[in-house]
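Can you keep this structure in mind? I'll have questions shortly.
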Amino acid sequence: MLRAGLLWLSEQSRVFRFIRGNGLARRFAARFVAGETVESGVAALTDLNAAGLTASLDLLGESVHNAAEAQAARDTYLETLDRIRAVGAAANVSVKLTQMGLDIDEALCVENMRAIIARAKAHGSFVRIDMEQSDYTERTLQLFKRTFYPELGNAVGVVLQSYLRRTEQDVEQMIALGARVRLCKGAYQEPDTVAFPDKRDVDATYARCLERLMLKGNYPGIATHDARLIEHAKAFARDKGIQPPRFEFQMLYGVRRDLQLGLRRQGYNVRVYVPFGTQWYPYLMRRLAERPANVAFLVGNMLRESLRRS
């Protein structure tokens, strides 16, 4: 019930306008979002890289309303890639296709994505195409398989979500292509017909998919904060003789920083997804929905601030 409510709130623009002006909410968001500008996003890379962590910058926002907004998002990504190169940071970028205009005109989306991926390739970098709601899964994978990957190869990769019933088949297709996959659980409210409603099924699918990707995949990203699945991945790697340079763990900015640093100290590659931009409210709501403990953290801070003022 709490998760469904938070996911509903993530879609309410009126609430976003109110929350964005709230100082406490902005301070809480700062734990999970590296500011609203390219400069703030790139600045966050300094401390991460100093700790031996790589990163992927993600401009927040989905489903733009017109071509001008899509082109503005494209230009922000081009600037971000240039800034990453200029400072010599160990980072790449992550992009949503609806942010590039997929809902407006597929040709516009493809043109924008080609520009971003080409710039990344010229810089020796990489673009991860994020996965959105299940309504976009097939379109995203078809564009990846038919257009972006054939044209630009492993300068571009994709995300698969273990809560979708189709994902094990998609994993096999990506392995056959030799494409780079980021495996996550999924953060959207989906119907039972396309997604597993029970966490145990999501986790079991995740475990099977990570095993296949670690055995046969091309440098997979194991994107989870679930300590049990992380331990499963480590044990599977040891059992199969899979060395740490063949995969990486991936986590979100501000989430389980202790675990991120601990894995790095153990010799594993760790990449942190660093979101930035003005559209941080929907992202924050999804993070709260994923981890109810974050709600308690926010409420506790609100209460302490109220007591200080009284």
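Nothing in this text is a laboratory measurement; each read-out follows from the coordinates by a stated rule. Just so we're clear, the structure is a prediction, and the values are computed from it rather than from any experiment. Here the Cβ is made from the backbone with ideal geometry for all residues, glycine too, and neighbour counts use every protein chain on show.
Label 7 Å along Cα→Cβ of Ser63; region 93-112 residues with amide nitrogen under 13 Å?
Zone members listed by number: 98-99, 102-104.
A follow-up question, please. At 10 °C and 1.306 mPa s, grab the translational diffusion coefficient of region 37-276 from Stokes-Einstein with a Kirkwood Rh over Cα pairs, rounded to a whole number in µm² per second.
Value of D from the Cα-based Kirkwood radius: 88 µm²/s.
Would you please put 268-278, 128-138 in order of how densely packed they are, using the mean number of other Cβ atoms within 10 angstrom per residue and starting with the highest?
Highest mean packing first, the order is 268-278, 128-138.
So if each residue of separation counts as 0.36 nm, and I subtract the Cα-Cα distance between Thr193 and Gln142, what length gain in nm does that give?
16.3 nm
Which lysines does Lys199 reach when only Cα atoms under 19 Å apart count, and residues fewer than 8 places away in its own chain are ignored?
Excluding near neighbours in sequence, the set is Lys185.
Fewest to most neighbouring Cβ within 10 Å: what's the order for Lys216, Lys199, Lys121, Lys96?
Lys199, Lys216, Lys121, Lys96
Could you name the lysines in cross-link range of Lys216, using Cα to Cα under 17 Å and dropping any fewer than eight places away on the same chain?
List returned: Lys234, Lys240.
Using Cβ counts within 10 Å as a stand-in for footprinting exposure, how do Thr54, Thr80, Thr46 rank, fewest first?
Ordered from fewest to most neighbouring Cβ atoms within 10 Å, Thr54, Thr80, Thr46 come out as Thr46, Thr54, Thr80.
Using a/c under 1.5 as the rounded threshold, could you call region 175-288 rounded, prolate or oblate? The axes a ≥ b ≥ c are square roots of the C-alpha gyration tensor eigenvalues, and prolate needs a/b larger than b/c, oblate otherwise.
Note, shape of region 175-288 comes out oblate.
For Glu62, Glu231, what's the fewest-to-most ordering of other Cβ within 10 Å of each Cβ?
By the 10 Å Cβ count, ascending: Glu231, Glu62.
Mind running the shape call on region 86-172? Use the C-alpha gyration tensor, a ≥ b ≥ c as the square roots of the eigenvalues: rounded below 1.5 for a/c, prolate if a/b tops b/c, oblate otherwise.
Verdict is prolate for region 86-172.
Going through region 161-207, which chymotrypsin sites (Phe, Trp or Tyr not before Pro) have at most 15 other Cβ atoms within 10 Å and a DSSP loop state?
Sparse-neighbourhood loop chymotrypsin sites (Phe, Trp or Tyr not before Pro): none present.
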